[in-house]
1. For chain B, what is the calculated [θ] at 222 nm in deg cm²/dmol (nearest 500), taking -39500 (n - 2.57) for each run of four or more DSSP H residues and dividing by its residue count?
2. If you count only protein heavy atoms with a 1.4 Å probe, what accessible area per residue comes out for the protein assembly as shown, rounded to a whole Å²?
3. How many nanometers, to one decimal and shortest first, lie between the label point of B:R216 and those of its other copies, if labels sit 7 Å from Cα toward Cβ?
4. Would you mind telling me which residue in A:L143, A:L17, A:L62 has the biggest mean-square fluctuation in a Gaussian network model of chain A, where springs connect alpha carbons within a distance under 10 angstrom?
5. So what's the net charge close to A:P154: Lys and Arg +1, Asp and Glu -1, counting the other residues with Cβ under 10 Å from its Cβ?
6. Between rounded, prolate and oblate, where does chain B land on the alpha carbon gyration tensor, with a ≥ b ≥ c its root eigenvalues, rounded for a/c under 1.5, else prolate if a/b exceeds b/c?
7. If R₀ is 45 angstrom, what is the calculated FRET efficiency for the pair A:V208 and A:E20, using the beta carbon separation as r and rounding to 0.05?
8. Tell me, what is the FRET efficiency for B:A31 and B:E60 to the nearest 0.05, using R0 = 25 angstrom and their Cβ-Cβ distance as r?
2 protein chains.
Amino acid sequence: MTGYAGRSEPRRMLSLLWREDPPPRPGPKPALTVDAIVDAAIELADARGMDGVSMRAVGERLGRTGMALYSYVPGRDSLTELMYDRVHEELAAAPGSSRPWRAAVSDWADRLLAMHLRHPWTLRVSFARPVMGPHEQSALESLAVALEDTGLPPSSRRGVVAALFHQVRGTAATVAEARAAAAVTGQTDRQWWSRRAAALRQVVPDFVERFPATVRLHADPEPVTEDDGPFLEAPARRAYRRGMSMLLDGVAAAVADHSESPG
Amino acid sequence: MTGYAGRSEPRRMLSLLWREDPPPRPGPKPALTVDAIVDAAIELADARGMDGVSMRAVGERLGRTGMALYSYVPGRDSLTELMYDRVHEELAAAPGSSRPWRAAVSDWADRLLAMHLRHPWTLRVSFARPVMGPHEQSALESLAVALEDTGLPPSSRRGVVAALFHQVRGTAATVAEARAAAAVTGQTDRQWWSRRAAALRQVVPDFVERFPATVRLHADPEPVTEDDGPFLEAPARRAYRRGMSMLLDGVAAAVADHSESPG
DNA sequence: TGGCGACTCCTTACTTCGTAAGCTAATATA
DNA sequence: TATATTAGCTTACGAAGTAAGGAGTCGCCA
């Protein structure tokens, strides 16, 4: 069961996240640091995926046994949360705060998407119960700042925040999955897809008659023009752009509506 | 590593999903059926979560050992996909096809959300690589039908489909997480939250000064008036409604724009 | 300054998981 | 009827998280 935040003692976990330095204590000097452990775990996760991050593997990477880590970190889930907060450091603050809200928000989402794609294992940590670490918080803060320029009330802004997170995380999951499957099965995603389609034609020969609207939905595929990645990745990225643009259109409409008759 | 579709032989998996009945074969008569196994697994998953669904546990529920299941199903991941497709049966087809697209789409999303909340373990199966079972397909078909009434081109419709899935799945994950945490920790989500807030105040006393926009974002909480569930569940549901409404506003704008100047 | 006690890190062991291997008994087809 | 093939069992392997306990190390107070 990975991905549930807040299972352990909240005080201990928050203390770790915010790097409260502990008072000097008796006993041998710690040879490791939480940061070193988290770094090693992130390297492992980036290279081999979250399943490659076992306590033993992380310990081994640091020249220790797996059990040695338990002096620094309550357990594996807590380590995951620490990793999660850490990579949010990469989300640099928005350049200038004087840009129009739409550009700022759209940029923010793109940067979050890029972060998730650099570290796909972050998608295993649920957005539901925020980890509430410093870097995650400051990422949220910069979005919150951008959204205040809309003039919308807090309740509406919360709706936008949730929608943005869902859109970004869903897209990231789709793209990451396509990549992972390609890596695991050893075949390109195009091969994977064509094999699957051939098998489907065999098993369900009347697919076109039974699901006509679905077939029409996938008609008219656009050529891959830009750098939106390999075969299966491209449609996900285009859908992301379109979905985001429609969502922001809706937000803009709400902004116009609200500035006409505020309150 | 749960949740990756299409790991096993695609032909075998599709044959299982679409219930191709195999030709009579030598050997003892099978005492079980795939359906019985899938049903047992779903009951277990609903009751104890996906972690309660081990091959041994499912076998035991059917009076067999875990290994007995491998005659029917290639492995655990495949079983998960079968479970996933099965519960999509609950997504009844949309009532009348003559309703306006917005109502039809909104209803569809609500029904999908309800399904995910009845079976939160479905969220472990990625939307990225569709399982392509019969029930999942017919759920997608009814959405595709509703979207054709918009008159939007396929590429735009695909964007809407993706956005809808992301919103629904993200919301479902949020709500499910709140429920799971309450069940696991034994404390109500209100207790969980207040403890966490207290701990945060201790560890980061200057939180309000450091993250003012975040604090303002969470200001002005609305009273829980309707049946949107317990404490932490309510904001997720309200955010869902607001987000969905803004998204559909954006779609409506695109519809208006497109019917003015099609092509 | 001596020693108490808390600490780090190790080894060992327990549990649970998915599933590979190989056995026996049952059965459709030649 | 002989044979090949299957279902379902037992056994076992490797990997996972982590509990338990011991050995050595150091801060703090008498």
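1. Values: 11 runs with 160 residues, N = 263.
When only DSSP H runs of four or more count, the value is -20000 deg cm²/dmol.
2. Details: 24580 Å² over 526 residues.
Value returned for the protein assembly as shown: 47 Å² of accessible area per residue.
3. In ascending order, 4.7 nm.
4. Most flexible of the set in this elastic network: A:L62.
5. 0
6. On the way: a/c = 2.57, a/b = 1.25, b/c = 2.06.
Oblate, since a/c reaches 1.5 and b/c is not below a/b.
7. Details: r = 62 Å, r/R0 = 1.37.
It comes out at approximately 0.15.
8. Details: r = 15 Å, r/R0 = 0.59.
The computed FRET efficiency comes out at 0.95.
The values are calculated or read from the model by the stated rules, or taken from the named source; none is laboratory data. Quantities reported herein were computed from a predicted structural model and do not represent experimental measurements. Because the Cβ atoms are built from the backbone with ideal geometry, glycine has one as well, and the counts that use them run over all protein chains shown. To get the accessible areas, we keep the full protein, side chains included, count just its heavy atoms, and leave off ligands, DNA and RNA. Shrake-Rupley method; radii C 1.70, N 1.55, O 1.52, S 1.80 Å.
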